[in-house]
Amino acid sequence: MGADNRPLLRRIGRAAAITGAVGVAGLGYASVIERNWFRLRRYELPLLPPGSPRLRILHLADAHLTPGRKMLIDWIRGLEAYEPDLVVNTGDSLAHPEAVGPFIDALGPLLDRPGAFVYGSNDLFSPQPKNPARYLWRTSKTDYNKRRVPDLPWRDLGAAMTASGWLDLNNHKGSLKANGLDVALAGVHDSHIKLDRYEDVAGPADPAADVRLGVLHSPEPANLDRFEADGYQLLLAGHTHGGQLCLPFYGTLVTNCGIDRRRAWGLNGYGDAWLHVSGGLGTSPYAPVRFCCRPEASLLDLVARP
């Protein structure tokens, strides 16, 4: 190459170095800072009968906990300070065979409050290395086609929560009292691994309840439609991680399920119901990054209708 091309080569080299430095800095931010920059979202919804006291729901999702994540464990324990009346866990709590104890320790005093839960696929099946870019053109459902036998202690997880009085809503209905209010609940197991059986909970929600909640891990429209048609007023889901990797001024790239990008996280209307999709608290250990999508839990204050 001639001497006349040397300035061009230097400019190309500098551009490549700058691009590489920006990439490394971005990866460091996404894996070290934002991944551990937890936030609590807060909403208020007028769903209760006139004159009712407030019902504060803490929605937890997608912790994907490994035993060493002390910052996440401590942050979840600290949520007791907000005095929720009801805790709902929409699954994917585990990411390690020895994570049940740390997750129950993270819940801590929250287990003394009324609660309910469903499982996600990652409560049953351990995470595996994979190319996360595949989510740009397909969901992870097919990853489970050859995985028939769960290898995580999901039964121990469920037993620990039910021992504290929490409702197991995996293809079950239930009811409980929270802050003096009658709460009707129904839930389904994870559709991502084809364990959802809405027919087991189908039928009109209890019209005498003060509020009616539908609980599911993955916000698949087919199940959301059924919950809404049966009269459930607030639908709670997780799974999407809010996209996990989002773009400024664009938002979520993919949802990894059938829900549209606009409703990949947060509170939105869904027919005559409300849908809250949590952006979740964790990540797979094999993709430990978040970008423009901080890990989160949510407090939903249900108040009396005017």
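The values are calculated or read from the model by the stated rules, or taken from the named source; none is laboratory data. Only a predicted model underlies this, so the values are computations on that prediction, with no experimental measurement involved. All Cβ positions, even for glycine, are placed from backbone atoms using ideal geometry, and neighbour counts span all protein chains on display. Side chains included, ligands, DNA and RNA excluded: accessible areas come from the protein's heavy atoms. Shrake-Rupley method; radii C 1.70, N 1.55, O 1.52, S 1.80 Å.
Where Rh is the Kirkwood radius over the Cα pairs of the stretch 84-182, the temperature 10 °C and the viscosity 1.306 mPa s, what D in µm²/s does Stokes-Einstein return? Before the final figure, lay out each step's value.
Numbers: Rh = 15.0 Å.
Reported coefficient: 106 µm²/s.
Can you give the Rg/Rh ratio of the stretch 121-261, where Rg is from the C-alpha atoms and Rh is the Kirkwood radius?
My calculation puts Rg/Rh at 1.00.
Tally Lys and Arg at +1 and Asp and Glu at -1 over the other residues with C-beta under 10 Å from the C-beta of residue 276: what net charge comes out?
Numbers: positive: 41, 263; negative: none.
Around residue 276, the charge tally is +2.
Averaged per residue, what accessible area in Å² does the chain show with a 1.4 Å probe, protein chains only? Show your work: numbers first, answer last.
Details: 13740 Å² over 306 residues.
I get 45 Å² per residue for the chain.
Packing-wise, with mean Cβ within 10 Å as the measure, how do 171-181, 101-111 rank, highest first?
Working: 171-181: 16.3, 101-111: 18.0.
Put in order of decreasing packing, that is 101-111, 171-181.
Share of antiparallel DSSP beta bridges in the chain, in percent to the nearest 5? Working shown, then result.
Details: 19 of 51 bridges.
Just about 35 percent of them are antiparallel.
For the stretch 60-101, taking Cα atoms only, what is the radius of gyration to one decimal and the Dmax to the nearest whole Å?
Cα only, the stretch 60-101: 10.9, 30 Å (Rg, Dmax).
Among 256, 268, 170, which one moves the most in a GNM of the chain with springs linking Cα atoms closer than 10 Å?
268
How big, on average over all directions, is the shadow cast by the Cα convex hull of the stretch 168-244, in nm²?
Details: hull surface 21.6 nm².
Spelled out: convex hull of the Cα atoms, projected over all directions, averaged, 5.4 nm².
Is there a quick way to get the dipole size of the chain? I mean about its Cα centre, with the Cβ of Lys and Arg at +1 and of Asp and Glu at -1; what is the value in debye to the nearest 20?
1520 debye
Helix-only mean residue ellipticity at 222 nm, the chain, DSSP H runs n ≥ 4 weighted -39,500 (n - 2.57), per residue, nearest 500. What is it?
-6000 deg cm²/dmol
If you take the beta carbon distance between residue 253 and residue 44 as r and set R0 to 51 Å, what does 1/(1 + (r/R0)^6) give as a FRET efficiency, to the nearest 0.05?
Details: r = 30 Å, r/R0 = 0.58.
It comes to 0.95.
Please find, in a Gaussian network model of the chain (springs between Cα atoms separated by less than 10 Å), the residue of 91, 231, 51 whose mean-square fluctuation is greatest.
51
Suppose we keep just the DSSP beta bridges with both residues in the stretch 124-231; what percent of those would be antiparallel, to 5? Mind showing how you got there, number by number?
Values: 7 of 12 bridges.
Approximately 60 percent, going by the DSSP bridge assignments.
Once the Cα gyration tensor of the stretch 251-301 is diagonalised, what are the square roots of 5 times its eigenvalues, in whole Å and ordered largest first, as equivalent ellipsoid semi-axes? If you can, show how the numbers build up before the last one.
On the way: eigenvalues 94, 39, 15 Å².
Semi-axes (√(5λ), whole Å): 22, 14, 9.
List the extent of the Cα atoms of the stretch 28-140 along each of their three principal axes, largest first, rounded to whole Å.
So the three principal-axis extents are 52, 33, 30 Å.
Among 154, 37, 166, which one shows the highest mean-square fluctuation when the chain is modelled as a Gaussian network with alpha-carbon springs under 10 Å?
Between 154, 37, 166, it is 37 that shows the largest mean-square fluctuation.
Please compute the volume of the convex hull spanned by the alpha-carbon atoms of the stretch 148-208 and report it per residue in Å³.
Cα convex hull per residue, to the nearest whole number: 94 Å³.
If you line up the Cα atoms of the stretch 181-306 on their principal axes, what length do they span on each, largest first, in Å?
44, 38, 23
Share of the chain's accessible area from carbon and sulfur, percent, 1.4 Å? Let's see the in-between values first.
Numbers: 7760 of 13740 Å².
For the chain, the apolar C and S fraction of the accessible surface comes to 56 percent.
Can you pull a Stokes-Einstein diffusion coefficient for the chain at 20 °C (1.002 mPa s), Rh from Kirkwood over Cα pairs, as a whole number of µm²/s? Don't skip to the end; give the middle numbers.
Working: Rh = 20.2 Å.
For these conditions, the coefficient is 106 µm²/s.
For a quick check of your reading of the filter: which chymotrypsin sites (Phe, Trp or Tyr not before Pro) in the stretch 208-291 sit in a DSSP loop and have no more than 15 other Cβ atoms within 10 Å? It would help to have the intermediate numbers written out before the result.
Working: sites: 227, 232, 249, 250, 265, 270, 274, 286, 291; in loops: 232, 249, 250, 265, 286.
Passing sites in the stretch 208-291 are 249, 250, 286.
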